[in-house]
1. Show me the strands (runs of 3 or more DSSP E) entirely contained within chain B in which 1 or more residues are surrounded by fewer than 17 Cβ atoms within 10 Å (Cβ to Cβ) and of a type in the set (D, E, K, R).
2. Is it the case that some residue within region A:177-184 is surrounded by 15 or more Cβ atoms within 10 Å (Cβ to Cβ) and closer than 22 Å to residue A:344 by Cα?
3. Take the residues in region A:96-122 that are crowded, with 21+ Cβ neighbours inside 10 Å and away from every other protein chain (no Cβ under 12 Å); name whichever of them is farthest from residue A:208 (Cα to Cα).
4. Just to be sure I understand, how many residues within region A:78-89 are assigned to a loop (DSSP other than H, G, I, E, B) and touching a residue at least 40 places away in the same chain (Cβ under 8 Å)?
5. I'm trying to understand the selection: among the residues of region A:346-390, which are of a type in the set (S, T, N, Q), buried (at least 18 other Cβ atoms within 10 Å of the Cβ) and closer than 28 Å to residue A:173 by Cβ?
6. Might you let me know whether region A:254-262 holds any residue that is in contact with a strand residue (DSSP E or B) (Cβ under 8 Å, 6 or more places away or on another chain) and in a helix (DSSP H, G or I)?
7. From the list A:348, A:354, A:326, pick out the single residue that is assigned to a loop (DSSP other than H, G, I, E, B) and either within 14 Å of chain B (Cβ to nearest Cβ) or in contact (Cβ under 8 Å) with a residue 12 or more places away in the chain (or both).
8. From the list B:23, B:34, which residue is touching a Gly at 6+ places or on another chain (Cβ under 8 Å), more than 14 Å from every other protein chain (Cβ to nearest Cβ) and aliphatic (A, V, I, L, M)?
Amino acid sequence: MPAPTSASSIDLFSDDVLRDPYPSYAELRKLGSCVWMEKGGYYAIPTFDAARRVLGDHRTFISGEGVGLNQLGNQSQRGTIIASDGEYHARLRAVVAEQVSPRGLRSMTEEIQAKADGLVASLAGRRFDAVPEFSRRFPAMIVLNLIGLTEDDAPAVLELANDSFNRFGPETSPRTFGSLGDPLAVFKWAGELVASGRLRRGSLGDAVIQAHRDGRIPAEGACALIVAYLVGGLDTTITALQQTARLFAEHPGEFEKLRQTPALAPSAFVEILRYAAPLHCFSRLAAQDAEVDGVKIARGARVLVLFASANRDASKYPDADRFDIARNPIDQLAFGYGVHGCPGQGLARMEVLAILTAMARHVKRVELHAARRWLNNLIHGYETMDVTFN
Amino acid sequence: MKIVHDHARCQGFGLCQQAAPSVFRLDNDGGLHVKPGDSDIAPQDEEAALAGVHACPLAALSIADT
């Protein structure tokens, strides 16, 4: 007998829930692995096993009709790397797979480590706003270099990338369409960039342009791909660094563990992402009638996979609400899973490991004096963080 | 039990090696080597093999029955 569909009236995108979603996620997990969200008109997947299965079944739960929750955003996304399926999606992934893989990034290892060490050493002993000084500065340096730009491009890029993730939200949220900026501005900027020829030879951006010249992808595809790696590579990693500072301030014992045993850095990295995933969810469309743990989902229904909730599923991670840098949850879902699994995770790992190593070397204690959250539909980070690196 | 490696999906992230170094090894170029290659996974390595397959975030590894 099929399971009755659990339902919830929680609005996952209200200010209150965005400020602290984890109690709401716990409520949803109690209701089941597939919960009908009355206010949003979609199914939420809050548990680990079901989330991984839905992400893994990319033929049933497709991305090609968009991975947000509003029609306008989903329509305009279609055909981009995040919102495409099948052969075309594989082709887009292949264009920069080499540049963004750990093998391709090998040449950047020393630069990443040196820049991380330099930045953290310069902040040690100081009180500063960790949002601009720590979290934004470092990923901007690295990602811009990777794309083939220079650090001078940072202010423009950060501005353009700023509101991108809000546009994945639901129609009902004022945040979704509320940005003052032109949503096409970032694509226009990328178009000018492509035409300018100033992307460094051999860079990821250059590889994308080459792929267009070779006829492998259309011009709009080339712009969209550059935008995808810029947008995908900034706010996410920026937020991960904010959460790193916050978690070590709130859990000094864990930071001391890292200082004593810097070899824990890889485990700390995945535990930080598990405990405080920067990007909380993406949706899929059911391309045919489907079932998740007995709950029937009709063809055409929207399904929202809650990565951050799955990461706190106690049936997967015992004592899930404990932050433990020795846990080593290597299958955590902050990077998604499956064919759409984050292609930049190798770079993110290199960046954050370099910062963790530098912090273990130069910082004795992290203090967080005050912080203000940045309320965004998908990204869970901060506007400002008054921090001391003792 | 045999490991099936989807080369197109593989990006050399190395989580398979992190989970099961007795079965998976990435070389310096990020290429994946599965021990013992084309032959069956030995019974004592099956658990490690499954852990490595499970760990791949891009689902580039799977198990084939022989």
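The values are calculated or read from the model by the stated rules, or taken from the named source; none is laboratory data. Every value quoted in this text rests on a predicted model; they were computed, and no experiment measured them. Quick reminder, even Gly has a Cβ in these numbers, built from the backbone with ideal geometry, and neighbours come from all protein chains shown.
1. In chain B, the matching strands (runs of 3 or more DSSP E) lie at B:2-5, B:24-26.
2. No: zero hits.
3. Of everything passing the filter in region A:96-122, A:120 is farthest from residue A:208 (Cα to Cα).
4. Of the residues in that region, 2 qualify.
5. A:376, A:377
6. Looking through region A:254-262, at least one residue is in contact with a strand residue (DSSP E or B) (Cβ under 8 Å, 6 or more places away or on another chain) and in a helix (DSSP H, G or I).
7. A:326
8. The conditions single out B:23.
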